[in-house]
């Protein structure tokens, strides 16, 4: 197991290098905003633009820029400074991780609880009105884009402009260390919105997996041996049906930890996703690189954790 | 039947139900959307176009109730806090609350600059080559600098703006004629043409452009910077003074004992508090509020605008205007919550005069004649947001009235019908045909698709799409490309070598109250640059260039205004673009706010705004 983890971690480093190189290349090949001109104002002299390019190192060949970027990360864990506002990229990203983590982990909890419960209930009560209603609701959840659903929720439930003022309005997020009650209140609606689509997918996924598992021979054997239905479903059915869900959960959570751009934008949560979006539109490569590397790291680590968890929940898996 | 067969059977039955279910879901989504659409309630009146004043709800801008803490909802962030670098409207809004310049504007009069740090009017020598200003005593920096402002601080502020570490966007445009000013950004050096004697600062110029330099003394570059404090930050590349600004205004951004600005979290918020060292006796601003928090990241300004209208102690938005549907509704239902001033700018579709077929004057005239410019204006909000632009000096800028006001110059027939005149367009197109341009039946008949670089976000995208329809009506086929607005400028339209024939999303807004700042950068052949070029039409007419050089030396006043109006007329005669709107700047406020907009920087004046 240890050798496997070390091997995976080494591959992760290679993967991060490739990802960062691809991002660098994308910015050089595709037409993005020129950061030097953006810094220089709306009617800049060419000499000023050239001076800023030199200042930011943008006048060097891209491979030299890339080399310095990687060198600084490896030797000093330094992601550089933002082209746009000259702040330290590492500080900037790390200051936004708590908001993104709060949003992603809370939403993940909500969608796991709701999605799995609905999936199990639908499978167990297959063909009933409950099943149909649950799967119908899931279809709505999957069909509604998160951006649209977020806006609808704000117009319906925000306690300043909503028809039914229940939840805190956008822009009220505070760190948990600052005010835990306000943190919780400000994230309730974003959690529900972000979790909706995921819960719907997980419910349908869980239902179909469980239906398939419940048709297996060993389930029939368990029933024939006189096991209680609850034990059959949860101990033997759900345990087997949940394995593929753990895989997609790892991926989904990793992606969200890299930034839930739409939800963060709609609810004005100062997380990594919104930073990345702003940076992309301004051609702020150091911030983009930083957010991509953090996102990729989250995905890689969570995949590794998932693979390790596999060994515990599925006895057939060995490393 | 195996389990698999059973599922397959069920699947078939389910697919029928799925179809029904999907209809049901669609209906549900539509119903939900209708509920949301109705959230704002019904429009009670069709009475549109009700104009608001610079003061939301009206009244004297100088009166207000002291105290109160407010929040400004914004989508973006300021460009810089450093006065040597800030150059955008939103940055100016914060700048003029936390800093003081030599001259400034009261919110209700954006045409007459009044002394702020200066003790009186600038003294201009008879040969127009010297400007002298006396600096007012008794103005102190906020902590931790705590000392009195001197004329030397203003000298250093201007000198540092010529360095590579402090990239000022306009120092080399409006202050380049100071004797000894560096021609290009480099290391810090003293500028011999800025002479300080006691509390007097004198600018010695190489050309007779004192009137323009005097007009530019309202710009943030004249904000004092204490050399002994800022020098160490300015030595960094780029300067870190942006994070350690020494404030002089009635307000300051929160900082710590070392002067590090702790109240600005880029992209998140800016916390503005009172400057304890500010002395009301030295300032014309009342500074009613106790604190202002700028909450950034409100990407959906529709939500932010609705929150503002429904909420308390809120201001919105940083985009020049709230979203159009909200604006229309607010004009009818909440006019007292709107503040409005002339935007001081023009929007147009740039036709590159160096590219075929726009190198032909008759083609350009035909386009303006045939274009429905009202349709273009509608994409920005229609009549409610401002007049259709008829020339290049917008309302509120000296020279506008001398250019025929909103109606413009009557002698140019192609400018006379903003809704389009197909017959006149055909006439000019036929004339172009006689000069070798491919024309059939009064329409352009060229085979090539003409590259058009448009912005990819509304409202600019809608403008560009409407323009595309208008071009096609006149026979043009476009190769229509959409890119983000910043990319549009920095990679295409502002880079002459890219040879983009049509840029449908350009606009220029004033730097200060002088027609030169509207026309010189945008239509002077001498202003064309390899990058960062804003003469998007690449107009290069020697007579116009010479007229600009001559007019630059004329003192402020009627003669100068007439001279620039004449240049304006010459530019209109060249038909370098299709002007379509002089839009106003409109902000919105909560009911309990007395918001005051400053006509100079066209955003809420935080030093005059108050809570009712």
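A few comments on the model shown:
- Criterion: out of contact with any strand residue (DSSP E or B) (no Cβ under 8 Å at 6 or more places or on another chain), under 29 Å from residue B:558 (Cβ atoms) and assigned to a loop (DSSP other than H, G, I, E, B) - qualifying residue of B:394, B:398: B:398
- Condition check for residue A:180: more than 9 Å from chain B (Cβ to nearest Cβ), touching a residue at least 60 places away in the same chain (Cβ under 8 Å) and under 30 Å from residue A:290 (Cβ atoms): no
- Just one of the numbered conditions (1) away from every other protein chain (no Cβ under 14 Å); (2) within 22 Å of residue A:42 (Cβ to Cβ); (3) in a loop (DSSP other than H, G, I, E, B) is not true of residue B:53: (2).
- Residues in region B:251-265 that are part of a loop (DSSP other than H, G, I, E, B) and crowded, with 23+ Cβ neighbours inside 10 Å: 0 in all.
- Residue that is surrounded by the fewest Cβ atoms within 10 Å (Cβ to Cβ) [pool: residues in region B:233-242 that are within 8 Å of chain A (Cβ to nearest Cβ) and more than 19 Å from residue B:101 (Cα to Cα)]: B:237
- Among the residues of region B:524-546, those identified as away from chain A (no Cβ under 13 Å) and in contact (Cβ under 8 Å) with a residue 12 or more places away in the chain are B:525, B:537, B:538, B:539, B:540, B:541, B:542, B:543, B:544, B:545.
- Out of B:157, B:208, one residue alone is touching a helix residue (DSSP H, G or I) at 6+ places or on another chain (Cβ under 8 Å), away from chain A (no Cβ under 14 Å) and either within 29 Å of residue B:344 (Cβ to Cβ) or at pLDDT 95 or above (or both). It is B:157.
- Check on residue B:246, farther than 24 Å from residue B:88 by Cα, modelled with pLDDT of 95 or more, away from chain A (no Cβ under 11 Å) and assigned to a loop (DSSP other than H, G, I, E, B): no
- If the condition is being more than 10 Å from chain B (Cβ to nearest Cβ) and at pLDDT 90 or above, then region A:260-272 contributes A:263, A:272.
- Residue within region B:181-190 that is touching a helix residue (DSSP H, G or I) at 6+ places or on another chain (Cβ under 6 Å) and touching a residue at least 60 places away in the same chain (Cβ under 8 Å) present: no
- The set of residues from region B:106-118 being in a loop (DSSP other than H, G, I, E, B), surrounded by 14 or more Cβ atoms within 10 Å (Cβ to Cβ) and out of contact with any helix residue (DSSP H, G or I) (no Cβ under 7 Å at 6 or more places or on another chain) comprises B:106, B:107, B:108, B:109, B:110, B:116, B:117.
- Neighbours by Cβ (under 7 Å, 6+ apart or cross-chain): first from region B:479-495, more than 9 Å from every other protein chain (Cβ to nearest Cβ) and surrounded by fewer than 18 Cβ atoms within 10 Å (Cβ to Cβ); second at pLDDT 90 or above and outside any strand (DSSP E or B): B:479/B:449; B:482/B:461
- Yes/no for residue B:490 being modelled with pLDDT under 95 and outside any loop (DSSP other than H, G, I, E, B): yes
- Listed by position, the helices (runs of 4 or more DSSP H) enclosed by region A:205-319 that each have at least 3 residues that are under 27 Å from residue A:148 (Cα atoms) are A:243-257, A:261-266, A:272-282, A:285-313.
- Of all residues in region B:496-506, those being crowded, with 18+ Cβ neighbours inside 10 Å and within 13 Å of another protein chain (Cβ to nearest Cβ) number 2.
- Looking only at region B:416-474, and only at residues there that are touching a strand residue (DSSP E or B) at 6+ places or on another chain (Cβ under 8 Å) and assigned to a strand (DSSP E or B), the one that is surrounded by the most Cβ atoms within 10 Å (Cβ to Cβ): B:454
- Filter pass, residue B:89 being modelled with pLDDT of 95 or more, within 28 Å of residue A:278 (Cβ to Cβ) and surrounded by fewer than 24 Cβ atoms within 10 Å (Cβ to Cβ): no
- Residue check for residue A:155: at pLDDT 90 or above, over 16 Å from residue A:109 (Cα atoms) and in a helix (DSSP H, G or I): yes
- As a summary of the residue check, residue B:554 satisfies the conditions (1) surrounded by 19 or more Cβ atoms within 10 Å (Cβ to Cβ); (2) over 18 Å from the mean Cα position of the chain (by Cα); (3) touching a residue at least 24 places away in the same chain (Cβ under 8 Å); (4) within 14 Å of another protein chain (Cβ to nearest Cβ) except for the one numbered (4).
- Condition check for residue A:121: more than 30 Å from residue A:219 (Cβ to Cβ), more than 22 Å from the chain's Cα centre (by Cα) and surrounded by 16 or more Cβ atoms within 10 Å (Cβ to Cβ): no
- The residue list A:38, A:58, A:48 contains one member that is surrounded by fewer than 20 Cβ atoms within 10 Å (Cβ to Cβ) and either away from chain B (no Cβ under 13 Å) or out of contact with any strand residue (DSSP E or B) (no Cβ under 9 Å at 6 or more places or on another chain) (or both), which is A:58.
- Number of residues in region A:129-150 that are within 13 Å of residue A:266 (Cβ to Cβ) and either more than 9 Å from chain B (Cβ to nearest Cβ) or touching a helix residue (DSSP H, G or I) at 6+ places or on another chain (Cβ under 6 Å) (or both) equals 5.
- Residues satisfying the stated conditions in region B:266-277, i.e. assigned to a loop (DSSP other than H, G, I, E, B), more than 8 Å from every other protein chain (Cβ to nearest Cβ) and crowded, with 21+ Cβ neighbours inside 10 Å: B:275
- Just so you know, in region A:124-138 the residues that are touching a residue at least 40 places away in the same chain (Cβ under 8 Å) and crowded, with 18+ Cβ neighbours inside 10 Å include one that is farthest from the chain's Cα centre (by Cα), and it is A:124.
Table: residues versus (1) within 17 Å of residue B:580 (Cα to Cα); (2) more than 27 Å from the chain's Cα centre (by Cα); (3) without any contact (Cβ under 8 Å) to a residue 60 or more places away in the chain.
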| site | (1), (2), (3) |
| --- | --- |
| B:332 | no, no, no |
| B:371 | yes, no, no |
| B:380 | yes, no, no |
| B:397 | no, no, no |
| B:407 | yes, no, yes |
| B:411 | no, yes, yes |
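The values are calculated or read from the model by the stated rules, or taken from the named source; none is laboratory data. Everything quoted here is computed from the prediction, not taken from an experiment. Reconstructed Cβ throughout: ideal geometry from the backbone, glycine too, with neighbour counts over all protein chains shown.
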